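The values are calculated or read from the model by the stated rules, or taken from the named source; none is laboratory data. Note that the structure is a prediction, hence the values are computed from the model and not measured. Cβ atoms come from the backbone with ideal geometry, glycine included; neighbour counts cover every protein chain shown.
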Amino acid sequence: MSSESLALTLLAALEHLKSSASQSAEPRCVNFTINARRSLKDVHLVLLELSLTHSYIRLQSLTVHERTFMCRPTHARYWKPTSLSEMLRGVAALHIQAFYFPWDHPAYLNLVELTISDVEDDHAPTAAQLEAVLRGCPLLEYLKLDTTDVMPNVDSQLATPSPIMMRSLHTLIIQQLQFNAFAFVFSTIRAPRLCQLDFHHMCYDVNFDNNTKFRATTSGFFATAGRSIRYLSISNEEAAIRHQSFISLLRKVPCVVSLELSDVPRLQPILQALTYEAICPELQSLTVTKCEDERGIAVSLLSLVTNRRHTHPIQHLAAPAKVLKGPVLVSIQDRVPRLVRGAE
């Protein structure tokens, strides 16, 4: 189907929705997904039509996947702040992939869920723009940033963002971020009710000591969220964070009940700290993956489930089959109610 035919089909569907909704009734709530592989103008045409039909159709969820990578900040002139505000007024879930959104006109007051992925280079918001978006989401519960840049502010005189208190946020997932984007998130967001934190594949920055910056950047974040976090998942493929910094981080999340560690170099010192030090006393579930090449992991896991003296014993343990085998496997099976061996 050509891009013109697709746009016409979508517009016809919108017209049908509009005509089926009584003007005297409450606007119909819909979930809308756009997978754009051709013309950017067709995406704008459909979204503009949506903004003009807000009296009949209220968006509840909007997902935009822009596959052509042709969108640029110069296209912001197509957006009208009033129309955009009307279109997004009822949106609770917004998912954007590789699509430039008008970051300068945030209208996200009712957002509960926000996902931004593959928004890089010219597509990406500046630090000031992303700060404005987050400040405009007082109800946000779920935030995911994946392979997304945070560009430096155009005006170098702009002050460093002050922390944003996000009292509703319970899930934060960040992955494949450059260090400046990672630092923006942790230095800006304060989430006293955060329950789940996932951060994966922070990119190594050769220009400075990542570990010193990591500790400085995350200190305020964990001072606010540390005691509320129950589920923590971390991967460190590029070895951007040393094991000492990992252990220091684990000291700041004493209420974690589930911990996942993937692609973490020098895993043994971390397991030893979990075994013999006063770290994560509530821990009941541990998953380790992509650790097959490090010697001694199986013995360290056996030591952990045998010698750890805390409130709760380990109830669930998952590790690669290459690690859990032989006599060590038998010993661990006797001590852990639920044992999962991953694929070879």
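What the table below lists for this structure:
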{"read-out": "Test: residue in region 263-279 that is surrounded by fewer than 17 Cβ atoms within 10 Å (Cβ to Cβ), of a type in the set (V, I, T) and at pLDDT 90 or above", "value": "no"}
{"read-out": "Verdict on L232 being surrounded by 20 or more Cβ atoms within 10 Å (Cβ to Cβ), at pLDDT 95 or above, among the hydrophobic types (A, V, I, L, M, F, W, C) and within 15 Å of V264 (Cβ to Cβ)", "value": "yes"}
{"read-out": "Any hit, region 286-296, residues being modelled with pLDDT under 95, over 24 Å from Q175 (Cβ atoms), among the basic types (K, R) and surrounded by 16 or more Cβ atoms within 10 Å (Cβ to Cβ)", "value": "no"}
{"read-out": "Count of region 180-212 residues which are modelled with pLDDT under 75 and not hydrophobic (A, V, I, L, M, F, W, C)", "value": "7"}
{"read-out": "Pairs where the first residue, in region 278-300, is under 12 Å from A321 (Cα atoms) and the second is surrounded by fewer than 18 Cβ atoms within 10 Å (Cβ to Cβ) and of a type in the set (V, I, T), C-beta under 6 Å, 6+ apart", "value": "A298/V328"}
{"read-out": "Tabulated pairs, region 210-235, first closer than 21 Å to M165 by Cβ, second assigned to a strand (DSSP E or B) and modelled with pLDDT of 95 or more, C-beta under 6 angstrom, 6+ apart or interchain", "value": "T224/R190; I229/L197"}
{"read-out": "Criterion (surrounded by 15 or more Cβ atoms within 10 Å (Cβ to Cβ) and farther than 30 Å from Q176 by Cβ) met by exactly one of I332, I247", "value": "I332"}
{"read-out": "Residue satisfying all of: in region 135-153; touching a Phe, Trp or Tyr at 6+ places or on another chain (Cβ under 9 Å), under 15 Å from N110 (Cα atoms) and crowded, with 22+ Cβ neighbours inside 10 Å; modelled with the lowest pLDDT among these", "value": "C137"}
{"read-out": "Candidates D118, D149, D122 - the one that is touching a strand residue (DSSP E or B) at 6+ places or on another chain (Cβ under 6 Å) and charged (D, E, K, R)", "value": "D118"}
{"read-out": "Residue check, D293 within 27 Å of C195 (Cβ to Cβ) and within 29 Å of the chain's Cα centre (by Cα)", "value": "no"}
{"read-out": "Subset tally (residues that are crowded, with 17+ Cβ neighbours inside 10 Å and more than 29 Å from the chain's Cα centre (by Cα)) for region 304-327", "value": "5"}
